[in-house]
Amino acid sequence: MGSFSKAKAGQRIHRERTQPEKRKKFGLLEKKKDYKKRALHYQENEKELKKLRKSAIDRNPDEFHHHMVSSKLKDGQHFEKTIEDEDTLLQKQLSDVKDLEYVKNALYTEKKRISTMKSELHLMDVAGPSQAKHTIFLDDNEEVRRFDPVKYFDTDVALLGRKANRLRNKDLSDKRILGATTKQGVKEAEQEAQIRYNELSKRINRAKELEVVVAKLELKKHLAKEKGNELRPKKIKKGKANRAAIYEFPLSQLHMGDYDYLIKFLALGDSGVGKTSFLHRYTDNTFTGQFISTVGIDFKEKKVVYKSARGGFGGRGQRVLLQLWDTAGQERFRSLTTAFFRDAMGFILIFDITNEQSFLNIRDWLSQLKVHAYCETPDIIICGNKADLENRRQVSTARAKQLADQLGLPYFETSACTSTNVERAVDCLLDLVMQRIQQSVETSGLPLAECRGVSLDADAPPTAGYCANC
Ligand SMILES: Nc1nc2c(ncn2[C@@H]2O[C@H](COP(=O)(O)OP(=O)(O)OP(=O)(O)O)[C@@H](O)[C@H]2O)c(=O)[nH]1
């Protein structure tokens, strides 16, 4: 017999004893082994539940109307309790929305300075004591004797002792390297590096703080827009020194009555071609000349009245809310941005006429669109941006036009800087999309007023983006 079976054989069978009549008052659970404890716990829970049921029956309906928990009564009126944000001194000083552009500018300058400092420090950095060894294998003793490390490493003799950042002679002559060109200089450079590292860390902290200020001011700007709105955004988390407050904005459907169609366009193209500037020019008619690379995705809105030149929509002007999505051109955001392609109805494919590679990448962008857009042949326009920089042009108008003709897409040479053709390009895309909507409505046989949720593509399911009030 195995040890387990032996142990089993000797084990006493536990039998639950019956509950005597006089103990019935402790409830059913009292039958279990730790009967007293469990019974008391059970009774406590029962009591609590009884209390809750009672308070639910006796509740004051006003409490729910006026949510007394987060509001207070003053002169018979309920007011929202405000949650005060925590601001640092700098955040308090720059708390006016009018400062937004100034702060953005300061942040941009700070970031630029940080990147310059980083590149300078990288070159001047003298590695401290390190265990690292650089072993060079040579064929024979003769070669060892003739070996010249200065020649081999192509560096200055003063830098031979370095384990890292051992600069080549070419770098030493080409680049501005702080105090690292002579033997004494290397030592001084170490001290200077320390000073600069301190400055760099201060600047990084300031940039971080400015980022928070920008976030807080932008939030303030959005909130100011919603001031007259009945369903105002609700604060969920209070602002702290390191982040802006978090608000819950009611769905944009609240603005439904204001327009007939909601049309989503998406701008895409390589980083730096001017997507953000193009959309800024179209929506706000501004151009800053700054390059702050878009992170992930952003959007802007503009209301326009569309009137079909062919007498479509019964010859009546249609109020359109254009939602213009700005995507990040950087490769690292690609999977995030392509996820937004499906919701867009029209695409503004932008390249930079002063950057040939951005033009060559147009075909890649089109193949991405083929995979991720709502259908294989969505409405697209191609824009050759920065047309004002004629002297730096790398892609001729004829070449770009030829490609656009091959692809069967409209082509515009635009400039976000001088605003050339920006509005014309968007109007053209809007016209294409509105024609498609009109055709789609006609083939579905629905009157226009009932075309809510109509899909532009026979295979694609209806989505909110396709038509107003969907
Ligand atoms: N001269 C000139 N400069 C432009 C024009 N459009 C954009 N720029 C500049 O080009 C740089 C990049 O512009 P952005 O609009 O930030 O580029 P983007 O395509 O949005 O870049 P990502 O956000 O990284 O994808 C900025 O410095 C702009 O000022 C233009 O039409 N003319």
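Compute the FRET efficiency between residue 191 and residue 406 as 1/(1 + (r/R0)^6), taking r as their Cβ-Cβ distance and R0 = 51 Å, and round to the nearest 0.05. In this case the efficiency is close to 0.25. Entry note, segment 255-469: relative contact order of 25 percent, from Cα contacts under 8 Å with a spacing of 6+ residues.
Taking the Cβ of residue 82 as the center, what net charge do the other residues with Cβ under 13 Å away carry, scoring Lys and Arg +1 and Asp and Glu -1?
+4
Among the listed pairs 98/300; 302/386; 74/104; 227/300; 208/386, a Cα-Cα separation exceeding 29 Å is found for 74/104; 208/386.
The length gained on full extension between residue 142 and residue 71, counted as 0.36 nm times the residue separation minus their Cα-Cα distance, comes to 16.6 nm. Spin-label model, residue 205/residue 88: points 7 Å from Cα along the beta carbon direction are separated by 0.8 nm. Other residues lying with their Cβ under 13 Å from the Cβ of residue 245 contribute a combined charge of +2, Lys and Arg counting +1, Asp and Glu -1. With θ taken as phi - 60° and the Karplus curve 6.51 cos²θ - 1.76 cosθ + 1.60 applied, the whole-hertz 3J(HN,Hα) list for segment 101-117 is 4, 4, 5, 4, 4, 4, 5, 4, 4, 4, 5, 5, 5, 4, 5, 5, 4 Hz, x standing for glycine and proline. Within the shell of other residues whose beta carbon sits under 13 angstrom from the beta carbon of residue 223, the net charge comes to +4, with Lys and Arg scored +1 and Asp and Glu -1. In this simple spin-label approximation, residue 108 and residue 398 carry label points 7 Å from Cα along the Cα→Cβ vector, and these lie 3.7 nm apart. For segment 197-221, list residues with backbone N below 20 Å from a point placed 7 Å from the Cα of residue 117 toward its Cβ? Under 20 Å, as judged by backbone N against the label point of residue 117, lie 197-214 of segment 197-221. Sequence-ordered 3J(HN,Hα) estimates for segment 400-405 from the Karplus curve with 6.51, -1.76 and 1.60 and θ = phi - 60° stand at 5, 5, 4, 5, 4, 5 Hz, glycine and proline given as x. Phi angles of segment 360-376 translate, via the Karplus equation with coefficients 6.51, -1.76, 1.60 and θ = phi - 60°, into HN-Hα couplings of 5, 6, 4, 4, 4, 4, 5, 5, 5, 5, 4, 7, 9, 6, 5, 8, 6 Hz per residue; Gly and Pro are given as x.
Here the spin labels are modelled as points 7 Å beyond Cα on the Cα-Cβ line, and at residue 307 and residue 295 they lie 4.4 nm apart.
Read the figures in this text as sums done on the coordinates, not as results from a lab. Remember, it's a predicted structure, so these values are computed and weren't measured experimentally. Reconstructed Cβ throughout: ideal geometry from the backbone, glycine too, with neighbour counts over all protein chains shown.
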